[in-house]
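Visitor: Have a look at this one.
Please treat every number below as a calculation from the coordinates, not as lab data. Quick caveat: nothing in here was measured; it's all calculated off a predicted structure. In this analysis, Cβ positions are derived from the backbone assuming ideal geometry, glycine residues included, and neighbour counts consider all displayed protein chains.
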Amino acid sequence: MGNMSGSHQDDSDSDIFDVDGISGEMLNENYLVFIFRQLVNRYGDLQVLSTDDEEQMFHNPRLPVIKKKPSLDILHKSEIYQSVGQASGYRANKNHEEVKSSLMSMLAQRQNCGPFKRSIKANINNLFLPTSSKHLKHLGAKVFCGVYSKDGNYFVTAAQDSSIRVFDASTPNYRPINSIQGKHVSWCLLDLNFSHNNEWYVYSTWSDCLHINRLDGSDTDVKCLSLNPELQRFATFSSTFSNCGKEIIAGCNDSCVYVYNVEADRRSLRVEVTEGADVNCVGFLNDTSDIFFSGTDDGIIKVWDKRCLNEDDPQPAGILVGHYDGVTFIDSRNDGRYLISNSKDQSIKLWDLRVFSPKEAEQTALQKYSNASWDYRWDKIPKKYYNMTKCMDGDTSVISYRGHRIQKTLIRARFSPQATTGQRYIYTGCGTGRLVIYDMLTGKIVKAIKSHTDIVRDVSWSPNRPEILTSSVIKMGVTLCWKNFPKLFFGLILLISLGITQINASEDEERLVRDLFRGYNKLIRPVQNMTQKVDVRFGLAFVQLINVNEKNQIMKSNVWLRLVWSDYQLQWDEADYGGIGVLRLPPDKVWKPDIVLFNNADGNYEVRYKSNVLIYPNGEVLWVPPAIYQSSCTIDVTYFPFDQQTCIMKFGSWTFNGDQVSLALYNNKNFVDLSDYWKSGTWDIIEVPAYLNVYEGNHPTETDITFYIIIRRKTLFYTVNLILPTVLISFLCVLVFYLPAEAGEKVTLGISILLSLVVFLLLVSKILPPTSLVLPLIAKYLLFTFIMNTVSILVTVVIINWNFRGPRTHRMPMWIRTVFLHYLPAMLLMKRPRKTRLRWMMEMPGMSVPPHPNSSYGSPSEIPKHIGGMGGGAKQSKMEVMELSDMHHPNCRMSKKLTPGGDLGVGDPCRRESESSDSILLSPEASKATEAVEFIAEHLRNEDLYIQTREDWKYVAMWDSYVNIVSPFRETETREQRNSKRFRSDNRSEDSDDDDDSEPRPPLRRSKRIAQQRCNVSASEIH
């Protein structure tokens, strides 16, 4: 075969080698002789068929003629078209026409060391579909069921004679292993299926129980699982194990589906699927047992979800409507998305479970079922079923396959195996005694093999080999052969290229594996003496920090374990085995140390994927399995979000002590390998040291390896979204005291800030774990700010209350006046603005008329000190004299001229009589004007006293605000500024007054205006 290496070309329909030359060379090397000998040893006499021989096998009854091709529009757009095409090596052009690859091209590509993917293997297997059959065994009874085990090593039949026959499918002629007599069988056995581990099988019959037994027949007692039906004539048409082996589902003739819990040994669920129709087929959708399906005689497929199923009022998760008659069998693709259904309306439909039929379509299907007038058991099949041109309303199927016959019994249809064909085909039994194989991607029949003289009820394709077993109600046969001689010849060439040429290359490896594991026991420690230790070097490669759950204190990480140990039984000399320097085998074939993660948080102590072990000639075994661990991690949230955490991963042997398995660091590295680490967006890895712990005080000695993953949180996200908003909200608390009390929004602003702080407190509490050991600084800060804001709201309420107090509602206690108006302002360096001299003159009693020389303010010694330099001999400025002179009417004459040492004031009205001798006599009009002026002055003094009291309360409230914000600066409107405003607005009308005080003011403005008018009239008369 050495001269076959040539230039590599792309796949095409043209052959690049001379077939005659290749076959001649193979004949010279006796390759074909070896191949034929192997085939004859396995299958007996090989029957090679020509095209004519194959056509002669098709005799009446014939397959129906289908005039209308199936619509492929939905199929070409579906996901299954792409996935099946990739898995089976199917290639198509833009018009969805298959582009076939030349077998010789693939052979040359393989010979030139090209890639050989699983899809290419499936494509080659699809070229050699079985074309002929031979009878395996005549049972003498109707065979209702014949299935392969999950691994393809066993084949089991269930017949009407109540016998369950087990065959060894690994032998060429299917050697019979056991024949088990079914118990409690009424009339016949209807269905049989294997458990997930091929240890048990379950069969159903016309009985109120399911029956399970061991496959090897070691347990003679058949276990009955009671379904507790109420019908006297009760039959279970379909039953199967869940993939986990814990539950069994059964469909019965009472229109119900039963789920039996094998571990609890009781019926766990009863679902009434429909009314008045048998449940012909049931099954689980995928590896989980949460979702199952049912097919009934009314043609409706229903999908059920146990997680939301109420037994009293069962409602399906969805329905699939499209069959005009009853469903005979349903097979799942085991991907949770697609399934096929065989029906009495002579069609197989492919369904996408992501597209359910509308609910109202169920009534349409029930109406079609009730209008059906034929019985498939003995009536002739209506021709309308083969010439369907219109789909039923609500039909959501992907494609319909027609061309086989469904008669007399519940004929089954299945997907072809994934390993050998990529699930490209759908195969079914037929009422004509044929095996019918459809191409899922084209909808055409690619094979129709006549193998029985009567109905083929069940068909089963071997998971590992191109063999299909068909069972009939008369006898059971096997279908296995090549298509024709040219294909067989090229197939032999391919086998030679893929197998024989590799026999020489792999013969040494096969012999090495056989020699190494002859007498090898993987359950025993690889030591020559029980006192010896197995030295295991353990290391860790940290690949990804997936997540750190602070609330649950769990770290989820993706790591690669590295284990190296020596097994003296797995040593060889490379020269004796063709220079083989490394051997790759599944880990289940060798002894492995039971190293687990001690601080595991989810109960998954083992690795997720069991990769191959590498065995070297010196007996050293290297195992590098990947794993995703969830380990417990104590979270210290004191400095959150500027925190640094230390999470540990402690590994050790679960059952071996330090005297049996001795742990050591991998390559003596006391740190974790970060060469393949993918950076996290939330955490930075600071350091990852590793320590070997030996507990010598214990007996026996214990050892473990602890890895410390020191991580630091990335703070940008928390700074922008948590820290900055919190600090800014805290500053807003100070602004509450700068807001004037008259604005009325101080309390509103304080409560708004309080609610914002509550939101951030809740946010922090959701992120951090609910621990009572430590309190984060940010939580302390928020709590302190929360308390201070609460206090500020209380103080604000007091400030607003004091700010709006007046002399008519409250009386200021002396201690408040002393503390808040004298002592504390001096301590806080707060001073009230000074009053003008004119205002002091206005506020002094008795200043409404010029003072008498004998008045109390007449002498310089009796002038109050707060009047500045107006008394005591001090010189007066011209401006002061002008201010004092402006206080009198120009027509009024003073009794005494102003002297530098004199005093100017307005005499007290009560003393006018006593001082009349020294005063100028006034006319009655002038006296009236004087009385008006005195009246005005008196009311002005009362008003000033009222205003002064109000301003004192406001000053106390203002001082309280300054204490809270610890600031001596505040721009506020003083009492003097308010009074000056009032004096400037004396001449304004009463309607334009903008006084904001809510307290009632004394009616002084009108009195002052009337008095001024009187004064003006009297003065004019005097003048």
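Visitor: What is the order of 135, 404, fewest Cβ neighbours within 10 Å to most?
Guide: Details: 135 11, 404 28.
Fewest to most other Cβ atoms nearby, the residues stand as 135, 404.
Visitor: With θ set to phi - 60° and the Karplus curve 6.51 cos²θ - 1.76 cosθ + 1.60, what are the ³J(HN,Hα) couplings of region 400-417 in order, to the nearest whole Hz, using x for Gly and Pro?
Guide: Whole-Hz 3J(HN,Hα) from phi for region 400-417: 10, 10, 10, x, 10, 10, 10, 9, 6, 8, 7, 6, 10, 9, 9, 6, 6, x.
Visitor: For Cα pairs less than 8 Å apart in space and 6+ apart in sequence, what is the mean separation divided by the residue count of region 236-402, i.e. the relative contact order in percent? Intermediate results must be reported in sequence, preceding the final value.
Guide: Working: 401 pairs, mean separation 27.1, N = 167.
About 16 percent, as a whole number.
Visitor: Restricting to lysine pairs 8 or more places apart or on different chains, what number in region 128-270 have Cα atoms under 25 Å apart?
Guide: 13
Visitor: Next question, about the same structure. From the Cα gyration tensor of region 331-381, with a ≥ b ≥ c the square roots of its eigenvalues, which class applies: rounded if a/c is under 1.5, or else prolate if a/b is larger than b/c, or else oblate?
Guide: Numbers: a/c = 4.19, a/b = 1.47, b/c = 2.86.
Note, shape of region 331-381 comes out oblate.
Visitor: Just going by the charge dipole of region 534-713, with Lys and Arg at +1 and Asp and Glu at -1 on Cβ, which of 705, 570, 674 is farthest out on the positive end?
Guide: With unit charges placed on the Cβ atoms, the residue in question is 674.
Visitor: For every other residue with a beta carbon closer than 11 angstrom to the beta carbon of residue 625, add +1 if it is Lys or Arg and -1 if Asp or Glu, then tell me the sum. Can you show the working numbers first?
Guide: Values: positive: 562, 592, 608, 610; negative: 606.
Combined, the nearby Lys, Arg, Asp and Glu give +3.
Visitor: Mind listing the long-range amide H neighbours of residue 223? Cut-off is under 5 Å, sequence gap 5 or more, other chains count too, H placed in the peptide plane at 1.01 Å from N.
Guide: Amide H neighbours of residue 223, under 5 Å, 5+ apart: 212.
Visitor: Under a Cβ-only charge scheme (Lys and Arg +1, Asp and Glu -1), can you give me the dipole magnitude of region 236-402 about the Cα centre, in debye to the nearest 20?
Guide: Working: 20 positive and 26 negative charges, 130 e Å.
So the magnitude is around 620 debye.
Visitor: Also, quick follow-up: Listing 802, 815, 304, 654 from the residue with the fewest other Cβ atoms within 10 Å to the one with the most, what is the order? Working shown, then result.
Guide: Numbers: 802 22, 815 8, 304 25, 654 11.
Final ranking by Cβ density, sparse to dense: 815, 654, 802, 304.
Visitor: Summing Lys, Arg as +1 and Asp, Glu as -1, what charge do residues with Cβ under 10 Å from the Cβ of residue 352 carry, residue 352 excluded? Walk me through the numbers on the way to the answer.
Guide: Values: positive: 337, 354; negative: 79.
Around residue 352, the charge tally is +1.
Visitor: Shifting gears a bit: Restricting to DSSP loop positions (anything but H, G, I, E, B) with no more than 15 other Cβ atoms inside 10 Å of their own Cβ, which trypsin sites (Lys or Arg not before Pro) remain in region 783-818? Mind showing how you got there, number by number?
Guide: Values: sites: 805, 808, 811, 817; in loops: 805, 808, 811.
Within region 783-818, the qualifying trypsin sites (Lys or Arg not before Pro) (loop, at most 15 other Cβ atoms within 10 Å) are 808, 811.
Visitor: Could you give the size of the charge dipole of region 163-263 about its Cα centre, using +1 on the Cβ of each K and R and -1 on the Cβ of each D and E, expressed in debye and rounded to the nearest 20? Numbers along the way, then the final one.
Guide: Numbers: 7 positive and 11 negative charges, 53 e Å.
I would put it at about 260 debye.
Visitor: What size of dipole, in debye to the nearest 20, comes out for region 210-308 about its Cα centre when the only charges are +1 on Lys and Arg C-beta atoms and -1 on Asp and Glu C-beta atoms?
Guide: Numbers: 10 positive and 16 negative charges, 35 e Å.
My answer is approximately 160 debye.
Visitor: Round to the nearest 0.05 the FRET efficiency obtained for residue 92 and residue 67 when R0 = 22 Å and r is the Cβ-Cβ distance.
Guide: Details: r = 25 Å, r/R0 = 1.12.
That gives a FRET efficiency of 0.35.
Visitor: Along the positive direction of the dipole of region 236-402 (beta-carbon charges: Lys, Arg +1; Asp, Glu -1; about the Cα centre), which of 401, 286, 258 reaches farthest?
Guide: Of the candidates, 401 comes out farthest on the positive side.
Visitor: Then there is this: Filter the trypsin sites (Lys or Arg not before Pro) in region 576-635 down to the DSSP loop ones having no more than 13 other Cβ atoms within 10 Å, then list what survives. All intermediate terms of the calculation are to be shown ahead of the outcome.
Guide: Numbers: sites: 584, 589, 608, 610; in loops: 608, 610.
Those satisfying the criteria are 608.
Visitor: Let me ask something else about it. What order do you get for 748, 655, 470 when you list them from fewest to most C-beta neighbours inside 10 Å? Let's see the in-between values first.
Guide: Numbers: 748 12, 655 9, 470 27.
In order of increasing Cβ crowding within 10 Å: 655, 748, 470.
Visitor: Quick check: net charge around residue 698, other residues with Cβ under 13 Å of its Cβ, Lys/Arg +1 and Asp/Glu -1?
Guide: Numbers: positive: none; negative: 659, 696, 702, 704.
Summing Lys and Arg as +1 and Asp and Glu as -1 gives -4.
Visitor: List, in order, the whole-Hz ³J(HN,Hα) value for each residue of region 145-160 obtained from phi through the Karplus relation with A = 6.51, B = -1.76, C = 1.60 and θ = phi - 60°; use x for Gly and Pro.
Guide: Using θ = phi - 60°, the values come out as 8, x, 9, 7, 6, 4, 8, x, 8, 10, 10, 10, 10, 10, 10, 6 Hz.
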